[in-house]
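Input: a single structure, listed below in structure tokens.
The values are calculated or read from the model by the stated rules, or taken from the named source; none is laboratory data. Keep in mind it's a predicted model, so treat the numbers as computed, not measured. For neighbour counting, all protein chains shown are included, and Cβ atoms are generated from backbone atoms with ideal geometry for every residue, glycine included. The accessibility values were calculated without ligands, DNA or RNA, using every heavy atom of the protein model including side chains. Shrake-Rupley method; radii C 1.70, N 1.55, O 1.52, S 1.80 Å.
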Amino acid sequence: MVLQVGDGGRTGLTRGLFFLSLISIGFLLIFLDGLDGRFERIDVDDALRRIEVLQLLADGRWFDRTLDVIRMPDAYVSPWSRLVDLPYVLLTWMIEPFTGREVAAKYAFLVWPPVMFVVFGLLFSASLFRLIPSPSDGVPFWQFMTMAIIAEPVLLEFAPGRIDHHNVQLLLLPFFVYGALRSDLKGGVLAGVALAASLMVGLECLPLVAMGAVAVVLVWCVRGASMRTFTLCFLFSCAVTTLLIGYFLVGAVGLFETRCDSFSAPFAFGLTTMALVAGVVVLTLPNRVSRSVRLFALIGVGLPTGLLGVVLFSECLAGPYTMVDLVSQRYWFSRLMQEKGLYSIWMAGYWMEVIRIGFLSMVVVLTGIGLIREGGLDTSGRVIAWIIAGSALVLALVVFRYSPIAASIGTLFLPFAVHEMAHLWRGGRKGRAVLQIAGAGLICFIATGVANAISSTPPNPDVIDYMNADSCEGEDLSDLDQLSGGRILAPPGVAMAIASRMQPGISVAGIPFHRASPGLRRTYEALTSEDPQVRREALAPFDYVAVCRRTLPAEGERAPLFRALAGGEDWPGMTGVGDGKSAFRLFRIEHDTLR
């Protein structure tokens with residue numbers, strides 16, 4: 001692997017130098033992001049994953065994902081995959097003899113994400129050099145910098161402490177893309193394992209898993225014999241991985257349970273049976289049959305199989321968030337920016353995201369034009385990768401959470417898109433006209449988005465925003481040490497801070513996750529309702545209430561209990577715990593006198 005630029009006519013970064021540059025700029029971004037002394041940019045997902053891993057280390061209950069520190073009042077059962085927990089547990093065990101468990105776990109949380117980033121860099125570089133039109137020429141430095149800027153949120157997902165499942169998904173999908181670009185036996189196995197594992201990590205990837213599988217069999221329909229080995233290896237490795245790793249992660253019981261928001265029977269059945277029936281078709285059909293015969297054969301076996309799955313697991317057609325009640329929907333879920341689409345991002349003034357989406361759209365469209373010009377589906381692995389990139393982009397337009405995935409796959413096609421742009425420009429007046437119209441549209445899209453960001457005034461946070469986001473960061477929570485046990489009701493931000501302490505005997509409700517909706521509903525009803533009866537019923541299962549003292553805006557919900565406690569006032573039926581010197585306020589509930 002030559003690490004030089006400009007030798008023998010080479011005009012850009014070689015594969016090795018591209019990889020080293022990507023890793024270097026990734027760690028530089030992480031370093032610059034932590035100049036304020038906070039290298040761990042963890043969010044609520046990372047905080048809850050930490051609780052899950054530490055509890056697994058403490059009790060060893062692999063199949064039981066009940067988190068004792070969270071009760072709503074029923075215990076919270078995490079939907080998250082043990083596949084993400086596993087490396088942190090193994091690393092902690094390796095380090096624990098030298099440092100003790102607590103320090104070992106902290107080191108594991110810091111070390112593993114950057115290790116995954118190195119693997120991501122290897123995969124990204126390997127895939128990129130299979131996609132570029134002239135690998136021997138390398139990648140121009142300006143293209144590398146453009147990719148780094150557009151993929152900046154992807155790189156930061158691998159910062160130390162980012163231990164949620166999103167970086168694992170960002171790692172597994174490039175594994176699939178790389179396997180598809182190989183289009184051989186090993187590539188088929190790698191792609192199948194990666195796609196199945198992506199689904200087991202999180203159901204966010206379900207649309208991409210489906211599109212990836214469809215793309216593979218469609219390319220086989222067109223190419224036939226030349227893609228037969230890859231397709232067979234992909235389908236059967238996908239089925240085997242789903243069953244074997246699925247059994248390892250959730251056990252036999254979990255494989256037969258129906259849980260619509262986590263890997264369980266509906267998804268194990270769907271992925272395994274569809275892969276097996278498609279594999280049988282690919283295996284049994286002679287190579288000489290026509291494309292239409294292959295397609296109709298797949299439809300003939302796939303449609304009944306899909307309908308059977310719909311009949312067996314019809315309750316999952318409503319989606320994974322059916323447990324989110326109307327109260328939680330109003331005060332929490334509807335306010336999550338990651339669940340909103342392009343219009344909301346645009347109106348909120350996220351100008352960099354507007355640029356990113358516009359750029360990726362241009363890249364995907366130009367790449368599609370180039371693939372059609374070069375032979376359409378006959379380009380095999382490139383088409384499969386392009387379908388995944390296009391699907392991720394469409395998802396990002398609808399739901400913001402898919403933006404990093406779209407960036408991680410879409411930026412791979414930048415050199416190909418630039419090559420196609422040059423071809424169109426040299427192709428005459430028609431090609432230039434296409435580029436000019438597309439360029440003008442992109443410039444207008446980005447310019448209006450940036451102008452809107454500059455001219456718009458960010459909305460002032462209301463009372464509910466304080467409840468959801470304020471975690472009492474930097475405040476003294478030692479009043480909790482006076483408790484020997486009890487159930488605490490707290491707004492989402494403070495609830496996560498309390499849960500992260502993992503204090504024995506103490507549980508909290510109100511964490512901001514969809515399965516915690518029963519606790520969120522009680523939290524919002526207790527803190528915002530003006531009806532004393534509703535308030536008493538919501539607080540009935542709990543022993544304490546905790547808030548953070550803040551100066552709240554006058555606008556928004558009246559929220560009498562929250563405004564009183566957060567404003568430093570007392571409340572009938574609430575007895576303060578501690579000296580009250582900290583902004584963190586803890587109250588014992590006197591249910592008999594509670595107003």
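For this structure, a couple of remarks:
- If you go through the stretch 18-61 and keep only what is assigned to a loop (DSSP other than H, G, I, E, B) and either surrounded by fewer than 16 Cβ atoms within 10 Å (Cβ to Cβ) or at pLDDT 90 or above (or both), you end up with 34, 35, 36, 37, 38, 39, 40, 41, 43, 60, 61.
- Restricting attention to the stretch 548-594, the residues that are closer than 14 Å to residue 536 by Cα and in contact with a Phe, Trp or Tyr (Cβ under 7 Å, 6 or more places away or on another chain) total 4.
- Residue in the stretch 458-479 that is within 26 Å of the chain's Cα centre (by Cα), in a loop (DSSP other than H, G, I, E, B), of a type in the set (D, E, K, R) and closer than 24 Å to residue 345 by Cβ present: yes
- Sole residue being assigned to a helix (DSSP H, G or I), in contact (Cβ under 8 Å) with a residue 40 or more places away in the chain and in contact with a helix residue (DSSP H, G or I) (Cβ under 9 Å, 6 or more places away or on another chain), chosen from 364, 310, 301, 324: 364
- Some residue of the stretch 398-406 being in contact with a His (Cβ under 9 Å, 6 or more places away or on another chain), in contact (Cβ under 8 Å) with a residue 12 or more places away in the chain and farther than 23 Å from residue 22 by Cβ: yes
- With respect to the conditions (1) out of contact with any Gly (no Cβ under 9 Å at 6 or more places or on another chain); (2) in a helix (DSSP H, G or I), residue 162 falls short on a single one, namely (2).
- Residue, modelled with the lowest pLDDT, within the stretch 433-487, restricted to residues that are open to solvent by 50 Å² or more (accessible area, probe 1.4 Å) and polar (S, T, N, Q): 457
- Condition met for residue 235 (under 21 Å from residue 63 (Cα atoms) and assigned to a helix (DSSP H, G or I)): no
- Some residue of the stretch 522-529 being under 33 Å from the mean Cα position of the chain (by Cα) and within 22 Å of residue 79 (Cα to Cα): yes
- Selection of the stretch 96-124 for residues being farther than 22 Å from residue 56 by Cβ and either of a type in the set (D, E, K, R) or not in a helix (DSSP H, G or I) (or both) yields an empty set.
- Taking (1) open to solvent by 20 Å² or more (accessible area, probe 1.4 Å); (2) under 22 Å from the mean Cα position of the chain (by Cα) in turn, residue 232 satisfies each apart from (2).
- Any hit, the stretch 409-422, residues being touching a residue at least 12 places away in the same chain (Cβ under 8 Å), closer than 20 Å to residue 149 by Cα, in contact with a strand residue (DSSP E or B) (Cβ under 7 Å, 6 or more places away or on another chain) and of a type outside the set (D, E, K, R): yes
- Each residue in the stretch 537-573 was checked for being within 15 Å of residue 498 (Cβ to Cβ) and surrounded by fewer than 19 Cβ atoms within 10 Å (Cβ to Cβ), and 1 pass.
- Pairs are defined by a Cβ separation below 6 Å, a sequence spacing of at least 6 or placement on different chains, a first member in the stretch 258-273 that is closer than 17 Å to residue 213 by Cα, and a second member that is in a loop (DSSP other than H, G, I, E, B) and at pLDDT below 90; no pair meets this definition.
- Members of the stretch 380-408 found to be in contact with a Gly (Cβ under 9 Å, 6 or more places away or on another chain), of a type in the set (Val, Ile, Thr) and in a helix (DSSP H, G or I), listed by number: 383, 384, 387, 388, 398
- Selection status of residue 518, open to solvent by 10 Å² or more (accessible area, probe 1.4 Å) and in a loop (DSSP other than H, G, I, E, B): no
- Of the set (1) without any contact (Cβ under 8 Å) to a residue 60 or more places away in the chain; (2) open to solvent by 10 Å² or more (accessible area, probe 1.4 Å), all apply to residue 195 but (2).
- Checking each residue in the stretch 234-286 for being among the hydroxyl-bearing types (Ser, Thr, Tyr) and within 19 Å of residue 309 (Cα to Cα) picks out 242, 258, 262, 264, 272, 273.
- For the stretch 138-148, the set of residues classified as in a helix (DSSP H, G or I) and either buried (at least 16 other Cβ atoms within 10 Å of the Cβ) or among the hydroxyl-bearing types (Ser, Thr, Tyr) (or both) consists of 143, 144, 146, 147, 148, listed by residue number.
- All of (1) open to solvent by 10 Å² or more (accessible area, probe 1.4 Å); (2) closer than 18 Å to residue 162 by Cβ; (3) in contact (Cβ under 8 Å) with a residue 60 or more places away in the chain hold for residue 84 with one exception: (1).
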